[in-house]
Amino acid sequence: MSRVLGISHSEALPYTKRMDDCIPLGDYDPEFRVSSDSGLASLSPIEDDIASDNVNLYSFSNGIPFEYRLMSWFEGKLSPFVASRPWLNRILTGFNRISCIICSLLTRPMLLLGAAHILIMVSVLNGMGAGSKVFNLLAHLIKGSVFFYYGVFAFCKALGCFADWGWAWNIKPPSTSRFINAIPSSEFVEASLILLYGSTNIFLEHLGGAGGAWSAMDLQHVSIAFLYLGCGICGVLFESKTARNLFNFSLNSIGVHNGDAYAVAPVQYRHSFNPFPAFTVFWTGALMSQHQQMTMLSTAIHMAWGYLLSAGAILRFVTYSILYIRPPESYLPSRPITEILASFCLICGGMVFCLSNAQTVEAMLHMKLSIMFVLNVSVGISILFMAWLIILLVIKGWGFKRAAIAAGSA
């Protein structure tokens, strides 16, 4: 059955590999017994059936679990049975695909869940978020984490992740998978998330004063949600091929047809140069850097992460400018250096954002710490985290290379 599911015999049954101390069951010596054999009985009826079929199984002198030998026997029996019945093969193949999808859906969010557990652990151990203070704490931790992981996502793209989806600043390679062919651009995903955030955050900015009158401060925060809502809509429509074709209605009205030599689509059409996600990040940083706080320290911290986010957005604009002048011409990742710097600004800015909550600032004032402490710690942890990401991706690439070599030699 493992062959039907696309798993090699050696992968499914690692204990049935040839060893120097193993003997075939057909040459079984009744005088020889493994340490776990009491000698009170001979082979079981199932083992007799296996031995009579001359299945090439091995009994290790140090004792091999019978389940693995039985599984190997079932594999030899069921593989021809399944191969002769295409409908059963399709069912098992579909079950395998569904199992892989469910496994991916359950394992991929582990990174986010782990980060959430760390933030909750730190908050609980320090007694933070009591009473109505939980809203300010959650707002800074959640929004700061969003920008932090946005930077992680940008950094992974710059290193070459998602190249098979065309997200690594490269040409999307052809694929026989309908799923990969249906994947939109990364800018469309970013714009969709911005739209989702803007449409939901409008109703969340008044949680701290639920039931009371809306203040000018509430409107000030909600207006940022309007920015996200508008930029999300613009970004999604900008990525729509239908909308782009409709933008050319003036040319269609005068009878320009595809046969015209000047009606060929520019090479820039193969790539997405959507400025609205970066536009959103830039104005978020610019506006929040001018957010007046109750203390000078809190104002300085908000100004720091606001400048970091704006710098990351400016570097994204520089990336677009470079690639617009000379678009990617290869399936391999371009790895623009401006994206490395932009991802650092986003990662560090998101971390400083998390530290700008009211209770953390109060603790810093109590311990007489300055903005220099926040920046030094955030910059150091951010660059160490980026180094850890590079190490993980190197290990992943090494694993894929080893698997490819093993598959080629099998």
Length-normalised contact order of region 236-354, Cα under 8 Å, at least 6 apart, in percent, tallies to 24 percent
Normalised by the number of residues in region 285-395, what is the relative contact order in percent for Cα pairs under 8 Å and 6+ residues apart?
29 percent
Highest-first arrangement of 144-151, 244-251, 347-354, 216-223, where packing means the average Cβ count within 10 Å:
347-354, 144-151, 216-223, 244-251
Prolate/oblate/rounded label for region 310-410 (Cα gyration tensor, a/c 1.5):
oblate
Can you flag which of 143/368; 172/241; 143/396; 157/401; 172/401 are past 23 Å Cα-Cα?
143/368; 143/396
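Per the 1.4 Å probe, what fraction of the accessible area of region 370-410, in percent, lies on carbon and sulfur atoms?
Carbon and sulfur: 80 percent of the exposed surface of region 370-410.
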Segment residue 394-residue 219, extension gain: residue separation times 0.36 nm, minus the distance between their alpha carbons:
58.3 nm
In what sequence, highest mean first, do 267-274, 232-239, 84-91, 338-345 appear when ranked by Cβ atoms within 10 angstrom?
338-345, 232-239, 267-274, 84-91
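The values are calculated or read from the model by the stated rules, or taken from the named source; none is laboratory data. Bear in mind that the values here come from a model prediction, so they are computed numbers and not experimental data. With ideal geometry, Cβ positions are generated from the backbone for all residues, glycine too; neighbour counts draw on all protein chains shown. The area values use the complete protein model at the heavy-atom level, side chains included, leaving out ligands, DNA and RNA. Shrake-Rupley method; radii C 1.70, N 1.55, O 1.52, S 1.80 Å.
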